[in-house]
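Okay, so here's the structure we're looking at.
The values are calculated or read from the model by the stated rules, or taken from the named source; none is laboratory data. Small disclaimer: the values here were computed from a predicted structure and weren't measured. Backbone-built Cβ (ideal geometry, glycine too); neighbour counts: all protein chains shown. Heads up: the accessible areas ignore ligands, DNA and RNA and are worked out on the full protein's heavy atoms, side chains in. Shrake-Rupley method; radii C 1.70, N 1.55, O 1.52, S 1.80 Å.
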Amino acid sequence: MQDMPQSELDAIQAERAKFFTPRWFGDLFAGRLSPGDTFWVGNYGPAMVVVPALVLIALFTAMASPGHLGPLFGGTAILAGLYRIAVLIGLFRSVARTPGPKGWRIFGLLWTVFEAAILIWLGLRLIGG
């Protein structure tokens, strides 16, 4: 396999530098990203930061106030579910404007609906006891 030209590597690096900026999130929620980026990076990219931070917060919460993790995890699940709904809106817009086969794209929409519903349901259960 031959090496990629430096100009292509620079273009890839410039594109990646845009991820997770306020403008990128605006494009995500408005459906201006590709369906693949909207689904994969939108749904799962922030988890690379949120999950480790939540684990640390849970550790310190459990040490300081044992038995009170339900509201922490419940609130986080509800926020994650609401975030998924925002991603779902962007994904719907992205899928609608992108030509080509829609099978996997529709599956992505349904999967995101499922995850949002489960997260909100779980969050309410954890908060409500």
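For the chain, give the percent of accessible area contributed by carbon and sulfur heavy atoms, probe 1.4 Å, rounded to a whole number. All intermediate terms of the calculation are to be shown ahead of the outcome.
Working: 6340 of 8650 Å².
Its accessible area is 73 percent carbon and sulfur atoms.
Could you state the accessible area per residue of the chain in Å², with a 1.4 Å probe and every protein chain left in place? Present the calculation step by step, with values, prior to reporting the outcome.
On the way: 8650 Å² over 129 residues.
Roughly 67 Å² per residue, with all protein chains present.
Quick one, could you list the DSSP H helices from the chain stretching 24 Å or more along their long axis (Cα atoms) with average Kyte-Doolittle hydropathy of 1.0 or above?
On the way: long enough: 47-64 (25 Å, 2.56); 69-97 (42 Å, 1.30); 103-128 (37 Å, 1.41).
Length and hydropathy pass: 47-64, 69-97, 103-128.
What FRET efficiency do you get for Arg125 and Ala47 if R0 is 25 Å and r is their Cβ-Cβ distance, rounded to the nearest 0.05?
Result of the calculation: an efficiency of 0.75.
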Starting from the Cα gyration tensor of the chain, multiply each eigenvalue by 5, take the square root, and state the resulting semi-axes largest first in whole Å. 33, 21, 11
For the chain, whose charge dipole is built from +1 on Lys and Arg Cβ atoms and -1 on Asp and Glu Cβ atoms, the candidate among Thr38, Gly70, Met48 with its Cα farthest towards the positive end is Gly70
Pick out, from Gly26, Ser7, Ala117, the residue whose Cα sits farthest towards the positive end of the charge dipole of the chain, with +1 on the Cβ of Lys and Arg and -1 on the Cβ of Asp and Glu. Ala117
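With +1 on each Lys and Arg Cβ and -1 on each Asp and Glu Cβ, and nothing else charged, work out how big the dipole of the chain is about its Cα centre, in Debye to the nearest 20.
On the way: 10 positive and 7 negative charges, 101 e Å.
The calculation lands at about 480 debye.
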